[in-house]
Amino acid sequence: MRSPIASLLLISTFLTASLAGQVTASPKQTHTNNSKALVIAHRGASGYLPEHSLAAKALAYGMGADYIEQDVVMSKDNALLVLHDPYLDRVTNVAVLFPGRAREDGRYYAIDFTLAEIKQLEMTEIFERQDGMPKQKYPERFPIWKSSFKVSTLAEELELIQGLNQSTGKNIGIYPEIKAPALHRAAGKDISLAVLKELKKFGYSKASDKVFLQCFDADELQRINAKLMPKLGMDLKLVQLIAMTEWGETLRNNAMGLKPEPYNYDWMMKPGAAQEIAKYAEGIGPWFPMLVDRKTGQPNHMVQEAQQAGLLVHPYTFRADKGQIPSPFKNFEEYLAYFYSVVGVDGVFTDFPDRAVRVRDSL
C-alpha cells in the first residue's frame, strides 16, 4: 500500500482549516472500542528495519503488533514471495547482479526471476534512483546497504510467525495482500489460488482464524469469495483495499477490451458503497485521508456506514517520519489518537507498531 508524494498535499489540507485547537474528541464522536482497535504492522516494523525483512517481522512481533502484514508476489518458478511491489529494484541490488534483465519500463520484475536468483540478492531499505545513484526514501530510517537482509518466501514468514506464537504462547495474526493479480494472470499465474492453498497448508482456513486477506482488486476479491474459497473449503475474512483512482493501483480492460485502464475506486467512497462491499468482504482498507472531510476536518460518512454494514475499517498508512504527520497535529501520538478516538477506526496500518500500541493502550 502506498501514499504518493503528490497526494500528500491532501494530508496537509484535509485538517488544517478547522481542526486547529479542536483535536480533542467530543463525547458524541468518541469511539468506545479503542482498547479493541488493532495495530497492524505495515510490512513489519518497517519504520525501524527494511520492509518485509524477516528481521522487521520479528521486531514487529516483539513490539506487540496484533497482526503482521505480508505483501505477496510470485517468482518465475511460482514461488510466493513477500515483497511490496511486483518488481525488485526498489529494495534489492538486482540491477547490479543481473544487469540487462529489466523490462522496457526499466523495472526488474520478480516474475522474471527464479527463486534461486532472487535468493542471491541483498535486500535493503527503500531507495529511489536520483542521477543514477540510490537515494534512501526515508533518510532517518535504517541505513541502506547496511547489515544483511534477504527476500523471504511466504512460507518462511509464516513459519517465523507461527514459531513465535508457539515459543511465546501468543497468537499474533497475519494480514497477507495479494498483489497485482492481473499482472500475474497475464503471465499465466493464478496468484490468488496459490496464496489460498499456501494459507490452508499452514492452517488458515476459517473466518475465526487470525488472518485477514486483502487486495485492491475488487473483481479478484469477489472471485475469491464466490469461487475460490468455496472450492477449497475456506472462509477467510476479506478486506477491500481502497486507492485513489489516479494511482493506477488496479488495471482492468475497458469495455472494448483495449488497453487496460485504471479501475475507478470513486464509488467506494460514496454513500451506500459499504452495503455493496459487505456482500463480498468483511472489512475495508482505505487511505486514511479518505475518512475525513477535507473542508471541516471532521469524520465523514465512511466509517459509520462501514461499521453499520458490519465492515471493519483498517486505514493505511500511519508514519512518524518527518513530513508524514499532517497539521495541526503536534506529533505522531496525537495524530493516531485522533483516528482511534474521533474517527473511530477499528485498526491502523503503521510502520511504527510500538508507538501505535502505546497510544491505543493509553486511551
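The values are calculated or read from the model by the stated rules, or taken from the named source; none is laboratory data. For clarity, every value in this text was computed on a predicted model and none was experimentally measured. Here the Cβ is made from the backbone with ideal geometry for all residues, glycine too, and neighbour counts use every protein chain on show. Side chains are part of the model used for accessible areas, which takes the heavy atoms of the whole protein and leaves out ligands, DNA and RNA. Shrake-Rupley method; radii C 1.70, N 1.55, O 1.52, S 1.80 Å.
Observations on the model:
- A count restricted to the range 327-348 and to residues that are among the aromatic types (Phe, Trp, Tyr) and assigned to a strand (DSSP E or B) stands at 0.
- Residue in the range 228-246 that is surrounded by fewer than 16 Cβ atoms within 10 Å (Cβ to Cβ) and within 22 Å of residue 83 (Cα to Cα) present: no
- Selection status of residue 66, free of Cβ contacts under 8 Å to residues at least 40 places away in the same chain and closer than 23 Å to residue 196 by Cα: no
Yes or no, residue by residue, for (1) of a type in the set (D, E, K, R); (2) on the phi < 0 side of the Ramachandran plot; (3) free of Cβ contacts under 8 Å to residues at least 12 places away in the same chain; (4) touching a Ser or Thr at 6+ places or on another chain (Cβ under 8 Å):
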| residue | (1), (2), (3), (4) |
| --- | --- |
| 45 | no, yes, no, no |
| 62 | no, yes, yes, no |
| 75 | no, yes, no, yes |
| 89 | yes, yes, no, no |
| 93 | no, yes, no, yes |
| 100 | no, no, yes, no |
| 104 | yes, yes, yes, no |
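- Residue ID - nearest to residue 41 (Cα to Cα), chosen from residues in the range 206-218 that are out of contact with any strand residue (DSSP E or B) (no Cβ under 7 Å at 6 or more places or on another chain) and open to solvent by 30 Å² or more (accessible area, probe 1.4 Å): 208
- Yes/no for residue 351 being within 20 Å of the chain's Cα centre (by Cα), charged (D, E, K, R) and surrounded by 22 or more Cβ atoms within 10 Å (Cβ to Cβ): yes
- Criterion (in a loop (DSSP other than H, G, I, E, B), open to solvent by 10 Å² or more (accessible area, probe 1.4 Å) and either within 25 Å of residue 221 (Cα to Cα) or in contact with a strand residue (DSSP E or B) (Cβ under 7 Å, 6 or more places away or on another chain) (or both)) met by exactly one of 259, 322: 259
- Selection over the range 262-303 of residues that are surrounded by 14 or more Cβ atoms within 10 Å (Cβ to Cβ) and either part of a strand (DSSP E or B) or among the polar types (S, T, N, Q) (or both) gives a count of 12.
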